[in-house]
Amino acid sequence: MSITNWAGNIAFGAARVHRPSTVDQVRAVVAQAQRVRVLGSGHSFNDIADTPADLVSVAGLPVAPRIDPAAGTVTVAGGVRYGELAAHLDAQGYALHNLGSLPHISVAGAVATGTHGSGAALGNLATAVTGIELVTAGGDLVRLDRGDAEFPGAVVALGALGVVVGVTLAVRPSYSIRQFVFEHLPRAVLDERWEEIASAGYSVSLFTRWAGDTVDQLWLKLADGQEPDGFGATPAGRAMHPIAAMPAESCTEQGGVPGPWHRRLPHFKLDFTPSSGEELQSEFFVARGDAVEAFAAIERVRHLVTPVLQISEIRTVAADDLWLSPHHGRDSVALHFTWIKDHARVAPVVAALEESLAHLAPRPHWGKVFHHAPRPERLADFLALRERLDPFGKFSNAFVERHLTGS
């Protein structure tokens with residue numbers, strides 16, 4: 001039986017699939033293999049994890065979170081899902097700084113691709129990493145910690161340095177969030193008050209179909225002491241799904257009801273599958289200060305976008321220093337597109353979007369559908385680190401060769 005990614009648009013071509021239950025088993029697999037790629041939760045929409053050789057799933061490694069109160073950290077296996085880790089942390093009185101919209105994704109996979117939540121002052125999920133353990137090409141177990149010169153290159157690494165078996169994350173005391181949803185934000189207000197809107201909550205998301213003169217929904221996730229401002233939008237009179245026609249039972253609680261951080265920051269609940277996977281996704285990041293110009297660039301091609309679009313989400317991500325991060329050195333606005341599951345129709349629209357945004361130097365989300373990625377500023381440093389840890393390209397694949405090595 002073939003193995004596919006979550007969406008089912010990628011069928012992995014691996015000759016062998018390994019599901020180790022210990023780190024020593026991972027080391028043995030890697031040491032004996034000629035080519036290896038790693039599979040997390042499979043929530044990627046391109047061939048980043050594909051290989052014709054050996055595919056290693058880290059989902060079976062023991063979770064066993066280890067909290068260090070003195071250091072303010074937790075250490076977990078790379079395959080643990082954020083929703084499971086978050087529930088454990090909250091029960092002990094701890095929290096992460098942010099979460100993605102889906103709690104179903106794995107820590108190592110999200111970190112490796114620079115996956116993010118939303119918040120003008122919040123870095124992507126990888127910025128919480130303080131240490132990382134990986135099995136390198138010879139089967140060796142290597143650890144890099146924040147402060148090590150090469151650490152910023154080893155976190156968002158696209159699986160090109162080794163198999164991440166352990167991740168140490170910074171934690172903070174648990175906190176409460178209230179979630180409010182507004183409908184029909186005037187489109188002109190988004191342009192006029194963009195910076196205010198982007199900073200109006202601990203986490204802010206806008207959902208739009210890029211049609212008409214309003215933004216469909218504004219989601220505000222507020223910390224203690226923050227009050228909701230809908231900026232002229234109408235408070236939702238019922239629980240909402242980002243796609244308004246879909247039932248909201250899979251979504252986290254709204255209406256301003258206080259709840260623990262891990263039950264409000266994601267858009268979806270861990271015990272629900274948010275959709276059937278009948279979708280493709282793309283996401284592009286431009287400088288946050290260029291957001292209004294980016295909105296105009298999308299609207300120039302919206303006649304192409306809207307026929308194949310389910311919903312689009314606008315978020316913000318703070319800058320970081322991680323070498324391959326899409327947010328390296330640049331506060332970002334994230335422009336996310338959930339497409340229909342029809343690659344033949346979607347691919348040319350993605351190309352048109354990239355062309356329309358090109359003057360703003362868009363960077364793609366590494367795990368989603370895109371055609372072009374600009375050369376990362378620290379790519380030479382990353383390739384030098386790769387030469388040290390994987391001199392023969394054991395962890396390379398077509399994706400890595402296409403977007404990093406140019407071969």
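Okay, here's what the table says:
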{"item": "Members of region 320-337 that are crowded, with 17+ Cβ neighbours inside 10 Å and touching a residue at least 60 places away in the same chain (Cβ under 8 Å)", "result": "ASP320, LEU322, TRP323, LEU324, SER325, PRO326, HIS327, ASP331, VAL333, ALA334"}
{"item": "Subset of region 43-66 [in contact with a strand residue (DSSP E or B) (Cβ under 9 Å, 6 or more places away or on another chain) and charged (D, E, K, R)]", "result": "ASP50, ASP54, ARG66"}
{"item": "Top-ranked residue of region 234-262 - restricted to ones that are more than 21 Å from VAL189 (Cβ to Cβ) and among the small types (Gly, Ala, Ser), ranked as modelled with the lowest pLDDT", "result": "ALA245"}
{"item": "Test: residue in region 53-74 that is buried (at least 19 other Cβ atoms within 10 Å of the Cβ) and among the basic types (Lys, Arg)", "result": "no"}
{"item": "Evaluation of ALA120 against (1) in a helix (DSSP H, G or I); (2) in contact (Cβ under 8 Å) with a residue 60 or more places away in the chain (one fails), failing number", "result": "(1)"}
{"item": "Helices (runs of 4 or more DSSP H) completely within region 1-115 that count 3 or more residues being in contact (Cβ under 8 Å) with a residue 40 or more places away in the chain and small (Gly, Ala, Ser)", "result": "82-91, 107-113"}
{"item": "Pairs, first closer than 12 Å to GLU283 by Cα in region 342-357, second β-branched (Val, Ile, Thr) and crowded, with 20+ Cβ neighbours inside 10 Å, C-beta under 6 Å, six or more apart", "result": "VAL350/VAL369"}
{"item": "Index of the failed condition, VAL204 passing every other in (1) in contact (Cβ under 8 Å) with a residue 60 or more places away in the chain; (2) part of a loop (DSSP other than H, G, I, E, B)", "result": "(2)"}
{"item": "Any chance ALA296 is surrounded by fewer than 19 Cβ atoms within 10 Å (Cβ to Cβ), within 30 Å of GLY147 (Cα to Cα) and of a type in the set (A, V, I, L, M)", "result": "no"}
{"item": "Any hit, region 186-201, residues being closer than 27 Å to MET246 by Cβ and either within 18 Å of the chain's Cα centre (by Cα) or part of a strand (DSSP E or B) (or both)", "result": "yes"}
{"item": "Residue match in region 29-46 (condition: crowded, with 20+ Cβ neighbours inside 10 Å, among the charged types (D, E, K, R), modelled with pLDDT of 95 or more and outside the structural domain of THR273 (by TED's automatic domain parsing))", "result": "yes"}
{"item": "Pick from region 123-155, criterion part of a loop (DSSP other than H, G, I, E, B) and not aliphatic (A, V, I, L, M), ranking: farthest from PHE395 (Cα to Cα)", "result": "GLY123"}
{"item": "Residue in region 370-377 that is among the aromatic types (Phe, Trp, Tyr) and more than 18 Å from the chain's Cα centre (by Cα) present", "result": "no"}
{"item": "Candidates LEU55, LEU89, LEU85 - the one that is out of contact with any helix residue (DSSP H, G or I) (no Cβ under 6 Å at 6 or more places or on another chain) and either under 25 Å from ARG402 (Cβ atoms) or assigned by TED's automatic domain parsing to the domain that holds ALA319 (or both)", "result": "LEU55"}
{"item": "Residue within region 278-286 that is touching a Phe, Trp or Tyr at 6+ places or on another chain (Cβ under 6 Å), more than 30 Å from HIS359 (Cα to Cα) and not assigned by TED's automatic domain parsing to the domain that holds GLY119 present", "result": "no"}
{"item": "Residue among ARG378, ARG363 that alone is surrounded by 16 or more Cβ atoms within 10 Å (Cβ to Cβ), touching a residue at least 60 places away in the same chain (Cβ under 8 Å), under 18 Å from HIS116 (Cβ atoms) and among the charged types (D, E, K, R)", "result": "ARG363"}
{"item": "Residue within region 173-185 that is assigned to a loop (DSSP other than H, G, I, E, B), among the aliphatic types (A, V, I, L, M), at negative phi and not assigned by TED's automatic domain parsing to the domain that holds VAL155 present", "result": "no"}
{"item": "Scope region 171-200; condition closer than 17 Å to VAL317 by Cα and touching a residue at least 40 places away in the same chain (Cβ under 8 Å); matching residues", "result": "TRP194, ALA198, SER199"}
{"item": "Looking only at region 330-350, and only at residues there that are of a type in the set (A, V, I, L, M) and under 21 Å from the mean Cα position of the chain (by Cα), the one that is nearest to ILE197 (Cα to Cα)", "result": "VAL333"}
{"item": "Lone unmet requirement of (1) crowded, with 20+ Cβ neighbours inside 10 Å; (2) at pLDDT below 95 for ASP271", "result": "(1)"}
{"item": "Of all residues making up region 381-407, the number that are over 22 Å from the mean Cα position of the chain (by Cα) and either crowded, with 20+ Cβ neighbours inside 10 Å or over 29 Å from LEU360 (Cβ atoms) (or both)", "result": "11"}
{"item": "Residue in region 154-162 that is modelled with pLDDT of 95 or more, in contact with a Leu (Cβ under 8 Å, 6 or more places away or on another chain) and on the phi > 0 side of the Ramachandran plot present", "result": "yes"}
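The values are calculated or read from the model by the stated rules, or taken from the named source; none is laboratory data. What you are looking at is a predicted structure, and each value in this text was computed from that prediction instead of being measured. Counting neighbours? That spans all protein chains shown, and the Cβs are built from the backbone with ideal geometry, glycine included.
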